[in-house]
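Structure, as structure tokens:
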Amino acid sequence: MASPALGSQVAAAASVPVGSDCCFKGTALKGNSNLNFRNKPCIGMALAWKNKTQQSRHLNKVFCMSVQQASRSKVAVKPIELENAKEPPLNLYKPKEPYTATIVSVERIVGPKAPGETCHIVIDHGGNVPYWEGQSYGVIPPGENPKKPGSPNTVRLYSIASTRYGDSFDGKTTSLCVRRAVYYDPETGEEDPSKKGICSNFLCDSKPGDKVQITGPSGKIMLLPEDDPKATHIMIATGTGVAPYRGYLRRMFMEDVPTFKFGGLAWLFLGVANSDSLLYDEEFTNYLQQYPYNFRYDKALSREQKNKNGGKMYVQDKIEEYSDEIFKLLDGGAHIYFCGLKGMMPGIQDTLKRVAEQRGESWDQKLSQLKKNKQWHVEVY
């Protein structure tokens, strides 16, 4: 296996199409709206350290502390009882009886040159809506359903972007990564507010203290298998599809979880439009520096890099570049995950099929075996 790829940070990804409401979302921390994830990916970790340094005269140093400094020792989490359940919590709150949670913070986490806006949103559920990494929350935006006057809006699902302990490590919050869905008229090029995504705009426009109706948690396909702490996990995402992987990686590399000591390999492929569109990049880069033998991170930037044929670099091109390694890891039992726009899958499937044929294998048979072995995990929208 090649050494962890510090230099293999290339380009490409499908960005969420305008008009799509299937985005994820994130937040800044309560009372610290000036904090920025693009410059301070250590916010959650800093909170834990803050609790230990209440009498310090230099709290700003805590919040500006880099992940590299903070992660010399992992962050303690609580309540540890969240590890006791044998099965994931499912559908504790349903659309007819949702839970009323509170917005803690909303923060834009992309740069000025990113096409569109993506936010990190932290929600306080008071520990009443527990979840596992890889699950989703439903959000019911306020107002009436435009297609059913008199009825509430329908539920929108968002992959959770934090561990079960949340960004404050106390089991009382969850984080979402949401792209604001807007629509531009193809003829005039002007934005049409009447066609904007109802839920994503509600979330991105929320303020600390606002109430939000949530359902769930739901989903089992993207749960992180923890029976083998030395397993290999290959994670492939476009855009906000990186949300569940942020939760995985924080659990693996940031949190001190007594019952889970990760010693395997986590390999993240992230496809976005350009450098300003990268999500949680500094957080991931710090893991790469801290755990070079357990984490690999490859980026595909479609508007900045070219593939081997001179076209735009998409995440499937990056997969093809490392196809020999990926297939060998899959043969050895690695788990592979896909999360993002459903439009990402045909290109990826075509690439994997072509590579399999070049190796003299049947992709259909291989895929069937991967699914049978529960190595294949897909959540697209």
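A short reminder: the numbers here are calculations on the coordinates, not readings from a lab. Because the structure is a prediction, the values reported are computed rather than measured. Heads up, the Cβs are rebuilt from the backbone with ideal geometry, glycines too, and the neighbour counts pull from every protein chain shown.
Which whole-angstrom value gives the distance between the alpha carbon centres of the range 81-103 and the range 241-318?
28
For the pair ASP170/ASP205, report the inter-label distance in nm, with labels modelled 7 Å from Cα in the Cβ direction.
Output for this residue pair reads 3.1 nm.
Calculate how many DSSP beta bridges within the range 232-380 are antiparallel, expressed in % of all such bridges and rounded to the nearest 5.
Counting DSSP beta bridges with both partners in the range 232-380, the antiparallel share is about 5 percent.
Could you pull the Rg and Dmax for the range 106-179, using just the Cα atoms, both in Å?
Considering the range 106-179 through its Cα atoms, Rg and Dmax are 14.5, 41 Å.
At most 14 other Cβ atoms within 10 Å and a DSSP loop assignment: could you name the trypsin sites (Lys or Arg not before Pro) in the range 130-178 that fit?
Loop-located and lightly packed - LYS147.
According to a simple spin-label model (label point 7 Å from Cα along Cα-to-Cβ), what is the distance in nm between PHE260 and GLU87?
It is 1.9 nm.
Could you tell me, in Å, what Rg and Dmax come out for the Cα atoms of the range 216-351?
Just the Cα atoms of the range 216-351 yield Rg and Dmax of 14.8, 48 Å.
How big is the range 80-218 in terms of Cα radius of gyration and Dmax, in angstroms?
16.1, 56
Just round it to a whole percent: the fraction of Cα-Cα distances in the range 311-366 exceeding 13 Å.
Within the range 311-366, distances greater than 13 Å cover 63 percent of Cα pairs.
Using only the Cα atoms of the range 150-209, construct the convex hull and provide its projected area averaged over every direction, in square nanometres to one decimal.
Its Cα hull, projected and averaged over all orientations, spans 6.2 nm².
Report, in listed order, any pair from LYS74/LYS328; LYS172/LYS211; LYS86/LYS374; LYS147/LYS196; LYS328/LYS371 with a Cα-Cα distance greater than 20 Å.
Result: LYS74/LYS328 exceed 20 Å.
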